[in-house]
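Each reported figure results from applying straightforward, stated rules to the coordinates on display, with no laboratory input. Note that the structure is predicted; figures quoted are calculated from it, not measured. With ideal geometry, Cβ positions are generated from the backbone for all residues, glycine too; neighbour counts draw on all protein chains shown.
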Amino acid sequence: MNKNRSKAAVIGAGIGGLAAAIRLARLGLQVDVFEQAAYPGGKIREFRQAGFRFDMGPSLFTLPGLADELLDDDLKFDYRKLEVITQYCFEDGTQLTAFADVKRFADEVAQKTGVPASRVLNYLKQAEQIYQLTAPVFIFNSFHRLGKLLTWANLKRLLQFFRLKAFSTLHQINAKAFSDERVVQLFDRYATYNGSNPYKTPGTLTVISHLEHQLGAYFPKRGMYQIVDSLVEQAMRLGVQFHFSTPVTQLLVRNGQLKGIRLNGMERNFEVVVSDVDIHQFYSKLLPDKRRLDKIKRMEPSSSALIFYWGMKKRFPKLDLHNIFFSKNYKEEFACLFEKKTMTNDPTVYVFISSKEVKTDAPAGMENWFVMVNAPANVGQDWEKMKTEVRRTILKKLNRLLGERLEEQILFEDALDPVKIEDLTGSFQGAMYGSSSNSPFAAFNRHANFRHDLPGLYFVGGSVHPGGGIPLCLSSAKIVAEMVEEKIKR
Ligand SMILES: Cc1cc2nc3c(=O)[nH]c(=O)nc-3n(C[C@H](O)[C@H](O)[C@H](O)COP(=O)(O)OP(=O)(O)OC[C@H]3O[C@@H](n4cnc5c(N)ncnc54)[C@H](O)[C@@H]3O)c2cc1C
C-alpha cells in the first residue's frame, strides 16, 4: 500500500464517520466522505425556526476528552461541566437534584428518600471498579481480534468476570443495593442511555452511572451541534473532501477483494473503506448478505424515541438543562417498549432545555423545549395516532406536576418519530443506539469493526462494536484508525 497517498472512503458523516475521517487523514491518507444527506452529523442534528435553535438528537455529552483528542488546539470547543446533572421528579411529587458533586448528590438522596448517603457512595464506587475492569476490554478495544483481547492485562481483568455483575440484571443489582423504589428507578434509568431495558440488561451497565456521576456530564458552549461543526472544520483543515447529498449505493468487491464503492452510477476505487452506515442497512443494500443480515436481525434493536420540539413563550425557572419526570410503573413502561412494541399510557418524560445554557437558543424571555419519551422500534405502528395520544399524555402529566397549562405556552412546534429517524439516518427501525444490550452476550454479538475476509473494509458507528452513544462511536473510530495504521505499516 502506498504510504502517502492511500485513498480512503468514509461512507456516512455521522459522528463515527467524522472521527474516522479525521484519524485517517492524520495518518496521511487521502480521505473522501460520502454522505447521503445534505448536512453532516447524522443523528446529531440541529434546526432553527421562529428564533429558536434545537439540538434534535443527543443532548448529553460525556467523556469529552474523546472529542478533544481529535481537534487541533485552536479548534477545540468550549464545554462546561454541569453542576446539576439532572432534576428528577417522581410521580409521588418527590423532587431530587442530581448534583455533580457526588457527596452532595448522596446527601440529597438521603434527605429525599432516606437511603443512607454511604449506600449511594458505595454503589458508585463499585460502578467505578466495574468501569475500570470493563472499559479497556469492551469499550476501547477491538475484542474481536484475539491478539488485542488476550493481553496479560485483559486476561487479569477477565479473571475478575464474576465482579462484572453480567449475570444479574441492572434492575436486580439496583433493587438489591437500594431499599427505596425511587432510587432504584433513578439508577435503572441508565439502561436507557444505550436504549436498553433495565429489567434485561446486565448489571455491568452500572458503569453508565459512573460515567455521568463521577467522570461528569458536560455541555458544549454552543450546544451539541458544535461537536459536529468542530469535527467537520478539523477534517477540512486536514484535507478531507466532503460529498453531501451523495448516497453510496454499493460496496465493490471483486474476486473476494475490496475494490471501492459505487455512487452516482460511477465506480470509484479505494484501498480503505470505512462504513458508518447502520450495519443492517449495509448488509441489506450496500453489500447484500443474507446470512449476516439474519444474524443482525436476531439482535434486539435499541429503543427509539418520540420527540416534540416546543418553542415556549416563557421561562420556567424551576427547570434545569436536563429534567426527568418518571412514570409510576417503570416495569410496565419497558414491557411496552420491548415486548408489546407500543407506548405505555404513563411514559417517563425527559425535558431538555438547551437555552438554559445557550442563551441564544431561544428569543429573550422564552425557552426551547425538547420533550422526549422512549418509543419502541418501528415495526409499522400507527405513529401519527401514537404521537397524538402521547402528546396529550405528556401535556397532562407535565401540567399536573408543574402546575401549568403548557399548551398555552407553545409558540412553535415540531416532532420527530422512529420512522423519521430511520428515514433520515438509515437506522434500522429507528433505533437510537443500534442494537440494545438486553442480554449478557449483546456486547459479543455486535458486528466487529473489520472483516477478516475483506481487508481494507472497516466499520464504525453506533450499530457496531462497541455500540451506540457519542463516546462509543468515537471509540469505534479510534479502534479502526489503529487497525488502518497497522495495515499501512505492514
Ligand atoms: C433522539 C436521539 C437522542 C440521543 N441522545 C444521545 C445522548 O444524549 N448522548 C449520546 O451520547 N448519544 C445519544 N444518542 C445516540 C447518538 O446520537 C448515536 O449513537 C450517534 O450519533 C450515532 O453516530 P453514528 O456514527 O453511528 O452515525 P449516524 O448518526 O447514525 O449517521 C450515519 C450517517 O450515515 C449516512 N448514510 C447512511 N447510509 C448512507 C449511504 N448509503 N451513503 C452515504 N451516507 C449514508 C446517514 O445519512 C447518516 O448521516 C441519541 C440518538 C438519538 C436518535
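Values as computed for the structure displayed
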quantity: Tail weight of P(r) past 13 Å, computed on alpha-carbon pairs of the stretch 223-286, percent; calculated: 73 percent
quantity: Exposure proxy order (Cβ contacts within 10 Å, fewest to most) of Lys359, Lys176, Lys7; calculated: Lys359, Lys176, Lys7
quantity: Extended-chain gain in nm, criterion 0.36 nm per residue less alpha-carbon gap, Lys328 and Glu69; calculated: 89.1 nm
quantity: Listed pairs Lys331/Lys396; Lys313/Lys340; Lys103/Lys478; Lys125/Lys396; Lys285/Lys387 exceeding 27 Å between Cα atoms; calculated: Lys313/Lys340; Lys103/Lys478; Lys125/Lys396; Lys285/Lys387
quantity: Order of Val115, Val109 under a 10 Å beta carbon neighbour criterion, fewest first; calculated: Val115, Val109
quantity: Between 0 and 90°, nearest 10: helix 383-402 axis offset from the chain longest Cα axis; calculated: 40 degrees
quantity: On Cα atoms only, tilt of 117-134 relative to the major axis of the chain in degrees; calculated: 10 degrees
quantity: Percent RCO, i.e. relative contact order, over the chain, from Cα pairs under 8 Å lying at least 6 residues apart; calculated: 23 percent
quantity: Alpha-carbon centroid distance for the pair the stretch 363-422 / the stretch 292-346, whole angstrom; calculated: 11 Å
quantity: Given Lys297/Lys487; Lys297/Lys420; Lys176/Lys200; Lys200/Lys297, the pairs whose alpha carbons are separated by over 22 Å; calculated: Lys297/Lys487
quantity: Relative exposure of Ser354, Ser439, Ser463, Ser209, judged by other C-beta atoms within 10 Å (fewest first); calculated: Ser439, Ser209, Ser354, Ser463
quantity: Folded to 0 to 90 degrees: helix 15-26 orientation relative to the chain principal axis, Cα; calculated: 40 degrees
